[in-house]
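Each remark here refers to the structure printed beneath this line.
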Amino acid sequence: MGDITLPITGGCLCGAIRYESSAPPNWVVCCHCRICQQAHGGLYGLGLEFPGEAFRYTKGEVTYYQTTPWAKRGFCANCGSSVDMWYVDDPEPIVWIGTLDRPEDWPLERHVGIESKVPWHVIGDDLPQRRTDVSKHVEAAKAQDFYSARESSRLGR
Amino acid sequence: MVAVGFSRTALRFTKGEPKLYRSSPIKDKGFCANCGSLLFDQFLTPTGNSGPDMIWVQVGTLDHPEAVSIGSHTGIESQLPWVHFDDGLPRTRCDDAPILVAAVAAADQKLGGN
């Protein structure tokens, strides 16, 4: 990784949306899940999670689409770039590596969502490969629905 | 992006209207304005092996992405150093295609850029 300059910055293709993180990411993954394939149009989503308190948007307005009861994904309404993803029960954003100003600084650590990998895509590294288990987030989404109508309406904010 | 090229006359949208963004002087990107899914790329000028008569659909948006496969890698001058492909497919730089380079230069000139 070499020397990392903080804050870590990035944004969408057209520049309408910009963000920064005052701290390095918690982790870096390649996600092969079906929703990443559809949202990005490719074979996977390359994402990293920033500490919630370190991350903020410095410019523009992200448009959100709730992909499941337990997660929403953000994009730029002008250029369509996918920017982030949030689980309902997690205050830490997953940001897509391609939107970083310096994506080369954050090498992959593992593959997730491997159960949905397209068969003809050959992974060319020896990193760990895991299935994705979202049951924790599903339960959290159910609990929010059940216990508080106000909370559930916030899911799609 | 990972895309599969269709003839523009063969592909039609059966529902909804994609939103277009001109990502470069020679190319539009199409996406869903509701959920942000990236749907396709389309060249505005001939580029040698592509052009306005082709539409490059993002593989991940196919109902069956497993049914197609890719034939080559392009734009490898920007490939991230920690990404590894072990598939033995041909790999090209964007500037390996003189017609593509000329198309970008012509479009830049028309726009008054340098």
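Here are some notes:
- Average partner coverage of A:74-84, which counts Cβ from other chains inside 10 Å: 5
- Normalised by the number of residues in chain A, the mean separation of alpha-carbon contacts (under 8 Å, six or more apart) gives a relative contact order of 25 percent.
- When the range B:1-84 is described by a simple charge dipole with +1 on each Lys and Arg Cβ and -1 on each Asp and Glu Cβ, the residue from B:G75, B:S50, B:C32 located farthest towards its positive end is B:C32.
- Near A:I4: Cβ cut-off under 14 Å, other residues only, Lys/Arg at +1 and Asp/Glu at -1. The net charge is -4.
- Longest segment of chain B lacking trypsin sites (Lys or Arg not before Pro) that sit in a DSSP loop with at most 10 other Cβ atoms within 10 Å: B:16-114
- Anchor B:K19: lysines whose Cα lies under 23 Å away (excluding residues fewer than 8 positions away in-chain): A:K59, A:K72, B:K27, B:K29
- Taking a Cβ cut-off of under 11 Å around B:G75, the surrounding Lys, Arg, Asp and Glu residues balance to a net charge of -1, with basic ones at +1 and acidic ones at -1.
- Inter-chain shielding of A:49-60 (mean C-beta neighbours from other protein chains, 10 Å cut-off): 0
- Taking a ≥ b ≥ c as the square roots of the Cα gyration tensor eigenvalues, the range B:39-102 comes out oblate, since a/c reaches at least 1.5 and a/b does not exceed b/c.
- Based on C-alpha pairs under 8 angstrom that are at least 6 apart in sequence, chain B has a relative contact order of 24 percent.
- Helix content alone sets the calculated 222 nm mean residue ellipticity of chain A: runs of n ≥ 4 DSSP H residues at -39500 (n - 2.57) each, divided across all residues, give -4500 deg cm²/dmol.
- Value at 222 nm in deg cm²/dmol, rounded to 500, when DSSP H runs of n ≥ 4 in chain B each add -39,500 (n - 2.57): -3500 deg cm²/dmol
- Label-to-label distance, nm, for residues given as A:L6 and B:R12 (7 Å Cα→Cβ offset): 5.7
- Average other protein chain Cβ within 10 Å of Cβ, residues B:80-88: 6
- From phi via Karplus (6.51, -1.76, 1.60), per-residue ³J(HN,Hα) for the range A:56-70 in Hz, x at Gly/Pro: 8, 7, 9, 7, x, 10, 7, 8, 10, 10, 7, 7, 9, x, 10
- Loop chymotrypsin sites (Phe, Trp or Tyr not before Pro), the range B:8-99, which have at most 12 other Cβ atoms in a 10 Å radius of their Cβ (DSSP): B:F13
- Global form of chain A, assessed from the alpha-carbon gyration tensor, a/c cut-off 1.5: oblate
- Placing +1 on each Lys and Arg Cβ and -1 on each Asp and Glu Cβ, with no other charges, gives chain B a dipole about its Cα centre of roughly 440 debye.
- Once exposed loop GluC sites (Glu not before Pro) are cut out (DSSP; at most 16 other Cβ, 10 Å), longest piece of chain A: A:1-60
- Applying Stokes-Einstein at 10 °C and 1.306 mPa s to the Kirkwood radius of the protein assembly as shown, computed over alpha-carbon pairs, gives a translational diffusion coefficient of 79 µm² s⁻¹.
Computed from the coordinates by the stated procedures, all read-outs in this text should not be read as laboratory data. What you see is a predicted model, and the numbers here were worked out from it, not measured in a lab. Neighbour counts are summed over all protein chains in view; Cβ atoms, including those assigned to glycine, are modelled from backbone coordinates with ideal geometry.
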